[in-house]
Amino acid sequence: MKLLVVASPLGPLGSGAAGGVELTLANAVAGLLQRGHGVTVLAAAGSCLPADAAAAALWTCPGAPQASVQHAPHDGPITIAPEGLLPRLWRRVLAEGPGAGFDAVLNLSADWLPFWLTPTAPLPIFHLVSMGSVHGALDAEIAAIASWDQRRLAFHSSSQAADFALPQPPVVVGNGFDLPAYAFCPQPEPLLGWVGRVAPEKGLEDAAAAAAQVGLPLAVWGLREDPAYAAAVEASVPAGTLQWRGFLPTAELQAQLGRCRALLNTPKWNEAYGNVVVEALACGVPVVAYRRGGPGELVQSGLTGELVPPDDVDALAAAVGRVERIERAACRRWVEQHASREVLAERLEAWLQAGLNRP
Ligand code: UDP
C-alpha cells in the first residue's frame, strides 16, 4: 500500500508534545516500511523522523500547534485556530492526497476535524484513536463514523474502545515497540520510576505518595506539561522523594528506567494504552498499576507486576513491597510475545486491508 500517515498537530515530532502518539507513529511507520509499504508522514514543521523511519517521505506544514482537546471542557465547543497547524495539515491531505495516489490515510491525531471530514473525504481515511473519551463533540464524530463504516476505526485497548458508542466489536491493535532499542536490566537499584507527561490526568501525586510511604526515591521522566501541578506534587511529599529527570530520548530513557525496581503507573483517566508500561517491561522492570484502562489490560498481575484498585495509594505501596517476587525476565518475555513493532505492523496492515476491501 501507499500510505499517508498524519501526525498529531500538537507539535513537531521529536518534541514530546504529542506524548505517546509520537512513539506510536515512529513504530507504526518503521513497521509498515519493513513490511514493504510506501509511507509518507505529514507532520508539523520542525519534525524529524527517527532513523529507522527515515525511509518514509516527510511532508511538513507550518502553523501554530493545536490545543489538546483533552484539556478543553468535555461539553464545550471545539476551537480551531484559523491557519493553525490542524486545518493546514488536513487541507494538505485533501488537496494533495488524491493526486499523490495514496491508498489510504492513517490519522493518529485525536482531533475533531479529521473525524468530521472522513465520510465526505475524496480518499479513505482511517483513524487509530489515541485516547479514550475526552470531549463530547469528538465522541459524537467517532460514533458517527462507527455507524457509517466502523472499519475506519482502530483502538489501542478494549477499555479505551468501551468509551465509545460502537455498533460492532472494536478492532484493537494494541501497540508495538522496537524491542532491540530496550536493554534488559537484570539487577535493579533501590529506586522506583514513573514516566509520563507531568499533568493531572497522569496521577503523579499518587505514585509520589506511595514512594514516600515505602521510603524509596521516585525518578520521574517526562515533559512537565503543567508546571504548577508539578510543583504541587513536589510539595506534597518529603524533600528528596522525587528525582526530576526531564524528557529524554528513548535510548537514554530506557537505560535509566531499566535500573528501577518497579514502575508505578497511576493514571486518573481511562489511559488508552500505556506505552510507558510496555517500555518498562521491555527493560525487565515490573509494573505496579491501577486496574484501569490500558494498563489494566497490559499488566499480568503476579507475572509482570501487580494491579491494584484504582486510586488506592496504600494498596500501591503494599504492592511495591511484593514486587521483588516478580521475575524480571518474564516481563521482557511478555513484551516480546505481545507488543513488538512487527506484531503492531501486521495488525495495522490487516485492519487497513480489511477496511479497503482487500482480503
Ligand atoms: N517519553 C519519552 N521520554 C521521557 C518520558 C516519556 O520519550 O523522558 C515518552 C514515552 O516513551 C511514551 C510517551 O512519552 O511513549 C508517553 O506516552 P503514554 O502513552 O504513556 O502517555 P501520553 O503522554 O500519550 O498520554
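Bear in mind that the values in this text are calculations on the coordinates, not laboratory data. Small disclaimer: the values here were computed from a predicted structure and weren't measured. With ideal geometry, Cβ positions are generated from the backbone for all residues, glycine too; neighbour counts draw on all protein chains shown.
Summary of computed values
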{"quantity": "Separation of the Ala51 and Gln34 label points, Cα + 7 Å toward Cβ, nm", "calculated": "1.6 nm"}
{"quantity": "Karplus-derived 3J(HN,Hα), 6.51/-1.76/1.60, for each residue of the range 268-274, Hz, glycine and proline x", "calculated": "8, 10, 7, 4, 4, 9, x"}
{"quantity": "Alpha-carbon centroid distance for the pair the range 302-336 / the range 27-41, whole angstrom", "calculated": "34 Å"}
{"quantity": "Nearest-ten-degree value, helix 341-355 long axis tilted from longest Cα axis of the chain", "calculated": "30 degrees"}
{"quantity": "Proxy reagent accessibility, fewest Cβ within 10 Å first, across Met1, Met131", "calculated": "Met1, Met131"}
{"quantity": "Ascending count of other beta-carbon atoms within 10 Å, so fewest first, for Trp244, Trp194", "calculated": "Trp244, Trp194"}
{"quantity": "Ranked by how many other beta carbons lie within 10 Å on average, peptides 303-311, 88-96 from highest", "calculated": "303-311, 88-96"}
{"quantity": "FRET efficiency for Leu123 and Ala239, using Cβ-Cβ distance with R0 set to 56 Å, rounded to 0.05", "calculated": "0.50"}
{"quantity": "Inverse of mean 1/r across different Cα pairs in the range 23-162, Kirkwood, Å", "calculated": "16.0 Å"}
{"quantity": "Nearest-ten-degree value, helix 20-34 long axis tilted from longest Cα axis of the chain", "calculated": "60 degrees"}
{"quantity": "Likely footprinting exposure, Tyr290, Tyr273, fewest C-beta neighbours within 10 Å first", "calculated": "Tyr290, Tyr273"}
{"quantity": "Vicinal HN-Hα couplings computed from phi for the range 319-336 (Karplus, 6.51 cos²θ - 1.76 cosθ + 1.60; Hz; Gly/Pro x)", "calculated": "5, 4, x, 9, 6, 5, 6, 6, 7, 4, 5, 5, 5, 4, 4, 4, 5, 4"}
{"quantity": "For the chain, average projected area of the Cα convex hull in nm²", "calculated": "16.6 nm²"}
{"quantity": "For the range 259-354: rounded, prolate or oblate by the Cα gyration tensor [a/c cutoff 1.5]", "calculated": "oblate"}
